[in-house]
Amino acid sequence: MYQPLLPIVKPLVFEGKSGILHITHKYNDSARLLVQEGIIEQVETLHLQGKKAAATCARWVNISTSFDEDDQGGYSPDPDIDTNDFLSFLEKSSKNIAIIQKKISNDQAVFKIDADRLNKAKKLSAEDLKIALLFDGKRTIEEVLGQAGKSELAVLTHTCRLIMAGVAEQVTEKKDILPQQDREALLESLDEELTNLVGPAGAILVEDAFEKIGSEPESLAQSEVGPLFDEIKVMLDDDEKEDFAAWAKQFL
């Protein structure tokens, strides 16, 4: 869920705590903040360490945390990590996150862009416009994050600016998007089944069906599986429909 790191880290510093703050980021990463008597001596993510790791996790928003007091583990202090600078950044980012919490329900929200308002907007930056181009009325916030090449905090902040400028409007919220592993298994099996039934043209049938239900393979929701199959069946011959319906039962 969206939450600032500030109210979690600040008491550890001000109260002189020692231990390890564990941060889990929704998007396949985690961090350890190693605190000694209120001083952040080291930060480690899955791929980074030190000042870069601190800068990275400070820009996470969809997080969960836990603190193991007096648990130090093994580490080497990094003198380049400045606890005051880290807190100062969290102070500033917490103001952005407060707005994010009000404007964006969660990372499954879908936004569309009003092209006319976008062209007339005067206070948007070039970076705002780059993020605007990623919203097509189909992609979720999560999918935009995967394509933006920016930190989660940056993408959400630019999105809020677009919302407040009247350029971005929430369309819907997909609450039942299939987990990636299940989605890939379904689509792979679908491709195999249609190849057996109609040959290479099966890929075209799938593409057309996704267009008709207004979705994309990367954001397929459980509630869209039935409509997707229905659109595909319409394009099949009678004998093919029977075989396809028998196959489809395993995913409905």
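The values are calculated or read from the model by the stated rules, or taken from the named source; none is laboratory data. Bear in mind the structure is a predicted one, so any value in this text is a computation, not a measurement. Ideal geometry is used to build each Cβ from the backbone, glycine not excepted, and the neighbour counts take in all protein chains shown. Note: areas computed on protein heavy atoms with side chains; ligands, DNA, RNA excluded. Shrake-Rupley method; radii C 1.70, N 1.55, O 1.52, S 1.80 Å.
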Whichever residue in segment 4-24 is touching a helix residue (DSSP H, G or I) at 6+ places or on another chain (Cβ under 7 Å) and not β-branched (V, I, T) and, among such residues, is surrounded by the most Cβ atoms within 10 Å (Cβ to Cβ): L5
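Among the residues of segment 95-120, count how many are part of a helix (DSSP H, G or I), open to solvent by less than 70 Å² (accessible area, probe 1.4 Å) and more than 15 Å from H158 (Cα to Cα). Steps first, answer last, please.
We begin by selecting, within segment 95-120, every residue part of a helix (DSSP H, G or I); these are 95-103, 115-120.
Next cut, open to solvent by less than 70 Å² (accessible area, probe 1.4 Å) only: 96-100, 115, 118.
From the residues that got through so far, the ones that are more than 15 Å from H158 (Cα to Cα) too are 115.
Adding up the residues that qualify gives 1.
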Residue list for segment 191-223, restricted to those being assigned to a helix (DSSP H, G or I), in contact (Cβ under 8 Å) with a residue 24 or more places away in the chain and of a type outside the set (D, E): L194, L197, V198, L205, V206, A209, P217, S219, Q222, S223
Residue in segment 30-48 that is part of a strand (DSSP E or B), among the β-branched types (V, I, T), open to solvent by 60 Å² or more (accessible area, probe 1.4 Å) and over 26 Å from A148 (Cα atoms) present: yes
Residue list for segment 205-230, restricted to those being more than 23 Å from E143 (Cα to Cα) and surrounded by fewer than 17 Cβ atoms within 10 Å (Cβ to Cβ): D230
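I'd like to check something: does segment 166-182 contain any residue that is in a helix (DSSP H, G or I), of a type outside the set (D, E) and surrounded by 13 or more Cβ atoms within 10 Å (Cβ to Cβ)?
Within segment 166-182, the subset in a helix (DSSP H, G or I) is 180-182.
Those still in the list that are of a type outside the set (D, E) too: 180-181.
Add one more test, that the residue is surrounded by 13 or more Cβ atoms within 10 Å (Cβ to Cβ), and what stays is none.
Checked against the condition, which is being in a helix (DSSP H, G or I), of a type outside the set (D, E) and surrounded by 13 or more Cβ atoms within 10 Å (Cβ to Cβ), segment 166-182 yields no hits at all.
Would you pick out the residues in segment 1-58 that are among the polar types (S, T, N, Q), under 19 Å from N96 (Cα atoms) and modelled with pLDDT under 95? If you could, list the steps in order and put the result at the bottom.
Residues of segment 1-58 that are among the polar types (S, T, N, Q), as a first pass: 3, 18, 24, 28, 30, 36, 42, 45, 49, 56.
Still in the list and also under 19 Å from N96 (Cα atoms): 3, 56.
Within segment 1-58, Q3 is the sole residue that qualifies.
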